[in-house]
Amino acid sequence: MFRLLLRRLRPVGGRPGLLSARSARSFSGCPPELSAAGIRSTFLDFFRQKHGHLLVPSSPVRPRGDPSLLFVNAGMNQFKPIFLGTVDPRSDMASYRRVVNSQKCVRAGGKHNDLEDVGRDVYHHTFFEMLGNWSFGDYFKEEACLMAWSLLTEHYGIPADRLYVSYFAGDAASGLTADEDTRQIWLDIGVPPSRLLPFGLKENFWEMGDSGPCGPCTEIHYDHVGGRDAASLVNADSPDVVEIWNLVFMQYNREVDNSLRLLPQFSVDTGMGLERLVSVLQGKRSNYDTDLFTPLIHDIHQRSRVGPYSGRMGAADHGKVDMAYRVVSDHIRTLSVCIADGVHPGMSGAELVLRRILRRAVRFCVEVLQAPQGALASLVPTVVHTLGNVYPELHREADRIMDVINENEDHFLSSLQQGSRLIHRTLNKMDYKHGVFPASVAWSLHRDLGFPLDLVDLILEEKGVQVDPQELDRLIAENHKVASGEQSGERSQVMLDILSLAELQRLAVPHTDDGLKYQYRLDQDRYIFPACRATVLALYDGQALVSEVTEGQRCGVILDQTCFYSEQGGQSHDCGYFTRDGQQDVPFPVEDVVLAGGYVVHQVTTADSLKTGDQVQLHLDQVHRLSCMVKHTATHILNFALRTVLGPSVQQRGSHVSADRLRFDFSVKRSLSISQLQQVEKCVNDIVSANQIVHSQELPLQRARSIRGLRTVDEVYPDPVRVVSVAVPVSELLDDNTDRETSVELCCGTHLLQTGAIEDLVIVSERQMVKGISRIIAVTGQDATRAREAVQVLSQDVDSLSARLTGSAPATIVSAQRLAKDVGILSDAVDNTPLPQWQRRELQGRLRALQRTSNTTVRKLETREAAGRAQALLEKNGRKDLVVDSVETDSLSVVMKTVNQLSSVSPLSHVMLLAHQRHSGKVLCACQVPKDSTSLPASDWAVAVCRHLGGSAGGSTLVAKGTGSSNDITEALRWAEEFARQNMQR
């Protein structure tokens, strides 16, 4: 069979693997038809038309339900459920055997991070396209190698004498022998032994992660120079000899204990970067010289005030101009693709990485290329022109992409100005003697304003100051620790591995029947959930299938049927427990319910022994389930209401439904106004009060997608799929006999049968998570009632406080400060109590005005009191060069204002005032010195006195303040005066 395949794929009338003279000659030029688009379509057509592969569209760069990834960074990401055996057997993906696609990939942040390399060389990118073909249990090594060689040498016309092939040499420590099968296949194809090179684990053994499917790989390398023996340059990081295609043969599973076991089904996973392939076929040494980038580089030059791109690197690239061309052309592609796929610049995760990419692009645009503001976004149409035909979402989202880039650029440039001012203000305050800038300030600038750390260094370098490197490293490490701690805080699950899933299939264990989760009914406004008795079909102890588990053991239980809902589609899993026949008084609490490869796995810590064949009774936590149903149906209605109020451009970007609340993320330019929030809430509650019927029906996926107004999200749906519609039966929507607009979505969740059970919905929070993406938190039922009651109480409190402030003015500072404090306490209550968000915003606006009024009152009273005390002190001390005295007040602000007023009347005086709080022993301290005083800086004076009093102080060379404590204010005054005189006499 192998020989027949070899003959079928070889060039007709020639030696295997060798080109005719005509095709070899044509390669030396750059045929006009050899565009990047043509190269991509040739790849896809070769596998689709000649070898029966299914063309699968690229998944978005935001990973589907994979928290281990920031971005999709390889072609295989969307197929991980197949490799892991967890794919839903009812979905289209479960039927995949031969697949081909061009996958959008981003490598920036996380394990694969090429961001800092982009621009420094001519082949690293943050966004790239991965061409790939896959076999899932269909063909294996022979066919994969034959197809690859045929495509490269016959269809693309690459001379065979430019190609080198690597294969896995084996690894004794792992017990792995050399991949002699692959070596022999290449020899039979016609690759000379001198061009067939063995390498170890690092180069030629591919692993998905610390555990999971893995296997040897074989790589095809291309020599840009040709006409020589370049074997020694393969895998040597030479820019002249580059890897162009990697063929991975998935045949092992890496266990948790690091051992390897053969997979039940062998697969092929290949990846070839389009950008590198295009550079080879267009005869370019740089990816940036291909037609994927030249239109962008041309447009960048049109918008800049520098010379044209000339491809220089390193020291030859004066002013980093060519590096800037490469950075901007790469980053604008990444920004366009990510924003089109719903990833917006933000403050954490993938959003934070995209924020850094955008700001890096803006800096190179403005600082190096001297392009005007807005130039970056103006490149988006060029990206759409070069990529939009294969990724049509770029056409649809072009305007939104430009808006997001422009708004973020504007914010960044203003942040740069704000950050520069903060740096200079800090420099003016600090002591230059040690030349060390506070790391906390630098880190705050970077974290909160996105101010680049290297820009901080440049500004400080001009002043002869640097950031404390050890302290900065500590803050960065602390930040990483917190971030990783948040990620590792996810609940650990007892998940079936691929070998256990395969074993279940080998043993013909049927998939779990979970249809009972939908079989509930209404009886006089009460939901009746079905009873469920089941048989234990399999037990999983975290490593393998077992026939029995003992008491106290954590395990996964697979039953023949279940009424429990497994977590998917954003809805939390069901809670409850089951009991074993004969032991009805011993509950087995169900901690988690997950779906893997058609099997519902109930995670249990056993209360007694359990074995396969046992009969169990399932007890559903009906209150929890009904709460989830309420929130899920409310989420659908909220989605519909947002579209009704804001328009059809609103796109769902994520949701989560739990028993206590719902969370909904959606695309919108800016945060909702008070009026819009009111309208959305009213729209939802009109549907709720109408008690409309919620219809559901299972349909073939293709037929379901034909429904007008259907809302979907980027998920792999089962086939057939469940359609959930409010008020209008699904059959009417299919017949297209109705013009009624309603909520209709593909959804596997559990829903109410009538909307009235929601009772009420209140949006308690709405804010922009990142620019262009808002998040709503909403509550229903009694929680909504409590939110409405709470806002009535707080409204009355605000009314009462407002009346107090607009009445007779407070007579004393103490009463005014108490009033200001009451405003602050009430503001905290309004900020943190669950309330209707539109009313919260109204109350926050009123409280901000009250806070301004109360603060003004306090300042006026303090100024009046300070003026009186300053006059008394002036009469007592006169205009001496040194005034150290005490005042009676409980306010440090009054002490400071008194010092200021004394100094304004007597500008040549060195003034320090102390205020003694007799009941506590606390001492308030403030001082001010003349502008030309060099011998006694105010900060040194205050720090010395407050340290003497066991406290601390701070300030500038002119004014400073602090606190300490003492039982003897006379001694404190004497010490402060003596310290000043000694320093003034120097």
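The values are calculated or read from the model by the stated rules, or taken from the named source; none is laboratory data. All values derive from a computational prediction rather than experimental measurement. Neighbour counts are summed over all protein chains in view; Cβ atoms, including those assigned to glycine, are modelled from backbone coordinates with ideal geometry. Note: accessible area is taken over every heavy atom of the protein model, side chains too, but ligands, DNA and RNA are not part of it. Shrake-Rupley method; radii C 1.70, N 1.55, O 1.52, S 1.80 Å.
Listing for the model above:
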item: Sole residue being modelled with pLDDT under 85 and outside any loop (DSSP other than H, G, I, E, B), chosen from Ser815, Ser808, Ser827; result: Ser815
item: Among the candidates Lys141, Lys80, residue that is outside the structural domain of Asp513 (by the TED database) and out of contact with any helix residue (DSSP H, G or I) (no Cβ under 9 Å at 6 or more places or on another chain); result: Lys80
item: Top-ranked residue of the stretch 807-848 - restricted to ones that are hydroxyl-bearing (Ser, Thr, Tyr) and either under 17 Å from Ile674 (Cβ atoms) or without any contact (Cβ under 8 Å) to a residue 24 or more places away in the chain (or both), ranked as most open to solvent (accessible area, probe 1.4 Å); result: Ser808
item: Qualifying positions in the stretch 853-868 - open to solvent by less than 40 Å² (accessible area, probe 1.4 Å) and among the polar types (S, T, N, Q); result: Ser854, Thr857
item: Residue tally, condition of a type in the set (Lys, Arg) and surrounded by fewer than 19 Cβ atoms within 10 Å (Cβ to Cβ), over the stretch 147-165; result: 0
item: Odd one out for Thr750 among (1) under 18 Å from Leu835 (Cα atoms); (2) open to solvent by less than 10 Å² (accessible area, probe 1.4 Å); result: (1)
item: From the options Leu445, Leu449, residue that is open to solvent by less than 20 Å² (accessible area, probe 1.4 Å), modelled with pLDDT under 85 and not assigned by the TED database to the domain that holds Val536; result: Leu445
item: Residue match in the stretch 946-968 (condition: out of contact with any helix residue (DSSP H, G or I) (no Cβ under 8 Å at 6 or more places or on another chain) and within 20 Å of Ala870 (Cβ to Cβ)); result: no
item: Options Gln519, Gln524, Gln561: the member that is of a type in the set (S, T, N, Q) and in contact with a strand residue (DSSP E or B) (Cβ under 9 Å, 6 or more places away or on another chain); result: Gln561
item: Helices (runs of 4 or more DSSP H) enclosed by the stretch 620-718 - at least 1 residues per element that are among the hydrophobic types (A, V, I, L, M, F, W, C), open to solvent by less than 10 Å² (accessible area, probe 1.4 Å) and modelled with pLDDT of 95 or more; result: 622-646, 674-689
item: Qualifying residue in the stretch 919-933 (condition: hydroxyl-bearing (Ser, Thr, Tyr), surrounded by 15 or more Cβ atoms within 10 Å (Cβ to Cβ) and assigned to a helix (DSSP H, G or I)); result: no
item: Filter result for Val390 (open to solvent by 40 Å² or more (accessible area, probe 1.4 Å), over 24 Å from Met347 (Cα atoms) and at pLDDT 85 or above); result: yes
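Each row is one residue, and each column tells you yes or no for (1) surrounded by fewer than 23 Cβ atoms within 10 Å (Cβ to Cβ); (2) outside any helix (DSSP H, G or I).
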| site | (1), (2) |
| --- | --- |
| Pro57 | yes, yes |
| Arg62 | yes, yes |
| Pro67 | yes, yes |
| Phe79 | no, no |
| Pro89 | yes, yes |
| Met93 | yes, no |
